[in-house]
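The values are calculated or read from the model by the stated rules, or taken from the named source; none is laboratory data. Worth saying up front: this structure is predicted, and the values here are computed from it rather than measured. Note that we place each Cβ from the backbone using ideal geometry, even for glycine, and neighbour counts take in every protein chain shown.
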Amino acid sequence: MTLLGPTSQSFISQRLRLHYVDWGNPDKPLLMLIHGGRDHCRSWDWTAEALRDDWHVVAMDHRGHGDSEWVSDGNYVANDMIYDVAQFIHQFDERPVTIVSHSMGGNVSLRLAGIFPELVRKMVVIEGLGPSPKRVAELEQTPFRERMREWIGKKHKSSGRIPRRYASIDEALARMIEENSYLTPEQARHLTIHGVNRNEDGTYSWKFDPHLNNWPPHDPEQVKVEELWAAIEAPVLMLYGADSWASNPVKDGRMESFRDARVIEFENAGHWLHHDQFERFVATLKGFL
């Protein structure tokens, strides 16, 4: 019997209840889908449907995203998310696993693969290396004291800010389309429906924690991240959108840190290229996996 959709499950990581969806087919090899910042696991539905016949597909919601719990202090750091993904892997009997990840999820997954090379068989990473070396250098030109002052100010404002409320799904949908003009109407509506909660007064708000807009001004592991990349043993396929803000690692030199990696650039695609060029993305994915 073919399931129509995934089942919702949960697991505990550092006392937080985190949500994931399971697309069934447990006798097949395990494939984990790890979403990016301010996104949710149902963003992978089309990918999961394309791969579910050959894989046991599972997709998690990061802490503070989707249907996972928010952290009490509103502080989200890479190390905690690395732990969460490691804990997600430990929910299953199979190791190593195959991971497909996007943006922040890719950044986290790559660090995990460097810390625990034995846990990962293959990786596909969509624009997951974070800011380019040039951008990092620009940010660090601002004195750390000033960056901390700015971060504390933003956190203070967030603590008293009520999440934005939309009068209707269509109003939230308009914001989704504004964020990514490449989306088809069907894609945008699906992402919006699964990305909002309905409030008691009938309005809608995004599921992600507003504090996710305030990342710490300093990543203590950034200085070691290239060391982690160099420790990855699994083959890595990196995908980049030609129209994205993200810097191509072939051009900025970051590819030199990897043992076994290659990059494919997608024309007419932005940061969410797995939506923007879905057919090509799936064909590329299947070819690599």
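Structural remarks
- Selected residue (only one of 262, 280 is under 26 Å from residue 115 (Cβ atoms), of a type outside the set (Val, Ile, Thr) and out of contact with any Asp or Glu (no Cβ under 7 Å at 6 or more places or on another chain)): 262
- For the range 63-82, filtered to residues that are touching a helix residue (DSSP H, G or I) at 6+ places or on another chain (Cβ under 9 Å) and of a type in the set (Ser, Thr, Tyr), the residue that is modelled with the lowest pLDDT is 76.
- Only listed residue being at pLDDT 95 or above, more than 30 Å from residue 79 (Cα to Cα) and not hydroxyl-bearing (Ser, Thr, Tyr), chosen from 200, 233: 200
- Each residue in the range 134-193 was checked for being within 30 Å of residue 250 (Cα to Cα) and of a type in the set (Phe, Trp, Tyr), and 2 pass.
- Note on the range 269-284: among residues that are out of contact with any Phe, Trp or Tyr (no Cβ under 8 Å at 6 or more places or on another chain) and not hydrophobic (A, V, I, L, M, F, W, C), the one that is nearest to residue 123 (Cα to Cα) is 284.
- Test for residue 57: is it surrounded by fewer than 24 Cβ atoms within 10 Å (Cβ to Cβ), among the aliphatic types (A, V, I, L, M), at pLDDT 95 or above and not in a helix (DSSP H, G or I): no
- Strands (runs of 3 or more DSSP E) within the range 117-213 that include 3 or more residues surrounded by 19 or more Cβ atoms within 10 Å (Cβ to Cβ) and of a type in the set (Asp, Glu): none
Results for (1) at pLDDT below 95; (2) under 20 Å from residue 274 (Cα atoms), shown as yes or no for each residue.
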site	(1), (2)
1	yes, no
19	no, no
23	no, yes
39	no, yes
44	no, yes
47	no, yes
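- Residue match in the range 252-263 (condition: in a helix (DSSP H, G or I), of a type in the set (S, T, N, Q) and crowded, with 16+ Cβ neighbours inside 10 Å): yes
- When residue 227 is tested against (1) farther than 25 Å from residue 275 by Cβ; (2) part of a loop (DSSP other than H, G, I, E, B); (3) among the acidic types (Asp, Glu), exactly one condition is not met: (2).
- Among the residues listed as 109, 72, the single one being under 24 Å from residue 20 (Cα atoms), among the small types (Gly, Ala, Ser) and surrounded by fewer than 14 Cβ atoms within 10 Å (Cβ to Cβ): 72
- Spans of strands (runs of 3 or more DSSP E) in the range 1-40 with at least 1 residues of a type in the set (Ser, Thr, Tyr): 7-13, 16-22
- Checking 93, 67 one by one, the residue that is in a loop (DSSP other than H, G, I, E, B) and more than 30 Å from residue 159 (Cα to Cα) is 93 and no other.
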